[in-house]
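Quick note: the coordinates plus some simple rules give every number you see, no bench work behind them. Only a predicted model underlies this, so the values are computations on that prediction, with no experimental measurement involved. Please note: Cβ atoms are built from the backbone with ideal geometry, for glycine as well, and neighbour counts cover all protein chains shown.
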Amino acid sequence: MTAQTRTLRSLDDLVAAGLVDPQRAAELKPVVERFQIAVTPAMLGLIDDASDTSGDPIAAQFLPDPREAIVAPEELADPIGDAAHSPLPGIVHRYADRVLLLPTHVCAVYCRFCFRRETVGPGGGALSESQLEAALGYIENHREIFEVILSGGDPLVLSPRRLAHIVERLSAVEHVKVIRLHSRVPAVDPGRVGAELVAALKSAKAVFVVLHVNHPRELSAAALGACARLIDAGIPMFSQSVLLKGVNDDAATLEALFRALLAQRIKPYYLHHGDLAQGTGHLRSELEAGQAIMRALRGRLSGLAQPTYVLDIPGGHGKVPVGPGYVHRLTDGAVEIEDPQGRRHGYVPAPIGDKKD
């Protein structure tokens, strides 16, 4: 497709770029009036054919779809229950030892499957100075917090000056030992990851960047360069991906993605089952399909390349592993262990000792 030099942010932009047929634009109006659009030049350049985006794994992630107007009864505006664990703006405290800090609701791109799609966008903006101070004060006053996770929105859309301020403040909190940033920016807007931004993340504390990436095509030369700048500066990187129907819901695609990540010193961390966000049913795979994919990958990838397949329980009850099981207890009490090829082998577990009062 024709190279774009700016982020497309409206239905008119998509029509002008040839990504949406004018005849189809009317179908999309209810969707784009509710959910934000932002597709960066880096992602636009990865769409194979602007005249036919059906089946394109990049287009499916970022271009609006009329099916987003279909809301299933089980889908929720707040699918992972952020609101129930948010004591003040910018803080989500779901687990005792870690907290989410959401300094901005703005992203470089807006994914069509986002679990925060009801709240992210330019209208959400960033925390005000007073709100940020209150959020940092909350972290300072809760000594059980060991790890702070910057999310949003995307924290790497903030200016290096603002990022440096947040990292410095968190680094000064004695009980905070780990600072983690979740971001799509290194892949979708790699030019933003310059020397100034990398320097803003430096700290005496442990700092990690978790890259959100779903398809091997997203790992362009520019994206890999951005990741290398972070890693070479001593910032370890992990990845998280979302299992998406028609994008990466097959073992071959995920194998290629996880191998490519590991070869670039990025450890695959989580494969998320799609959340019950409203209007995302066409992109959500079945749990059994995800388990089958993880089972297929078990014998093909080393442990370093294996993420944990997880589900965020709707309603804010936390994230749990939902991968396949390999331990089978038979009716007679015997135990069999399944190998990566599906064969079962007898196993004698340690005897269960007598219970003591």
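Rounded to the nearest Hz, the phi-derived 3J(HN,Hα) couplings of region 148-159 under the Karplus curve 6.51 cos²θ - 1.76 cosθ + 1.60 (θ = phi - 60°) are 10, 10, 7, 9, x, x, 10, x, 7, 7, 5, 5, where x marks glycine and proline. Amide H contacts for residue 91 (H built 1.01 Å from N in the peptide plane; partners 5 or more residues away or on another chain; cut-off under 5 Å): 102. The string of couplings for region 18-33 from the Karplus curve (6.51, -1.76, 1.60, θ = phi - 60°) is x, 8, 10, 5, x, 5, 8, 4, 4, 4, 8, 4, x, 6, 6, 6 Hz, one whole number per residue in order, with x for Gly and Pro. Look at the dipole of the chain built from charges on Cβ: of 145, 38, 241, the Cα furthest out on the positive end belongs to 145.
Charges only on Cβ, +1 for Lys and Arg, -1 for Asp and Glu: so what's the dipole of region 83-321 about the Cα centre, in debye to the nearest 20? Don't skip to the end; give the middle numbers.
Working: 26 positive and 21 negative charges, 89 e Å.
Here the size comes out at about 420 debye.
Amide H contacts for residue 212 (H built 1.01 Å from N in the peptide plane; partners 5 or more residues away or on another chain; cut-off under 5 Å): 183, 184, 240. Proximity of backbone amide H atoms, modeled 1.01 Å from N, is registered between residue 180 and 148, 149, 150, 208 at under 5 Å, excluding neighbours fewer than 5 places apart on the same chain. Taking other residues whose beta carbon is less than 13 angstrom from the beta carbon of residue 341, and scoring Lys, Arg as +1 and Asp, Glu as -1, yields +3. If the segment from residue 29 to residue 71 were pulled out straight at 0.36 nm per residue, it would be longer than the present Cα-Cα gap by 13.6 nm.
In which sequence would 48, 312 go, from the one with the fewest C-beta neighbours within 10 Å to the one with the most? It would help to have the intermediate numbers written out before the result.
Numbers: 48 13, 312 20.
The fewest-first ordering by Cβ neighbours comes to 48, 312.
About the centre of its Cα atoms, region 253-357 shows a dipole size close to 400 debye [charges on the beta carbon of Lys, Arg (+1) and Asp, Glu (-1) only; nearest 20 debye]. Specify the inter-centroid distance of region 296-357 and region 187-251, based on alpha-carbon positions, in whole Å. Between the Cα centres of region 296-357 and region 187-251 lies a distance of 30 Å.
Given 0.36 nm per residue, what is the gain on full extension from residue 330 to residue 308 after removing their alpha carbon distance, in nm?
Working: separation 22, 0.36 × 22 = 7.92 nm, distance 2.64 nm.
So the extension gain works out to 5.3 nm.
Between their Cα atoms, which of 29/319; 202/245; 177/319; 177/245; 29/245 are more than 30 Å away from each other? Can you show the working numbers first?
Working: 29/319 34 Å; 202/245 37 Å; 177/319 22 Å; 177/245 37 Å; 29/245 24 Å.
Violating the 30 Å Cα-Cα cut-off are 29/319; 202/245; 177/245.
Applying 1/(1 + (r/R0)^6) with R0 = 25 Å to the Cβ-Cβ distance of residue 174 and residue 88 gives a FRET efficiency near 0.70.
With a Förster radius of 56 Å applied to the beta-carbon distance between residue 300 and residue 130, the computed FRET efficiency rounds to 0.60.
When the chain is treated as a Gaussian network with alpha carbon springs shorter than 10 Å, the biggest mean-square fluctuation among 274, 303, 316 belongs to 303.
The string of couplings for region 245-255 from the Karplus curve (6.51, -1.76, 1.60, θ = phi - 60°) is 5, x, 10, 8, 8, 8, 5, 5, 5, 5, 4 Hz, one whole number per residue in order, with x for Gly and Pro. Spin-label model, residue 347 to residue 147: label points 7 Å out along the Cα-to-beta-carbon direction sit 2.6 nm apart. Applying 1/(1 + (r/R0)^6) with R0 = 41 Å to the Cβ-Cβ distance of residue 319 and residue 16 gives a FRET efficiency near 0.50. Taken along the Cα-to-beta-carbon direction at a fixed 7 Å, the label points for residue 256 and residue 165 span 4.4 nm.
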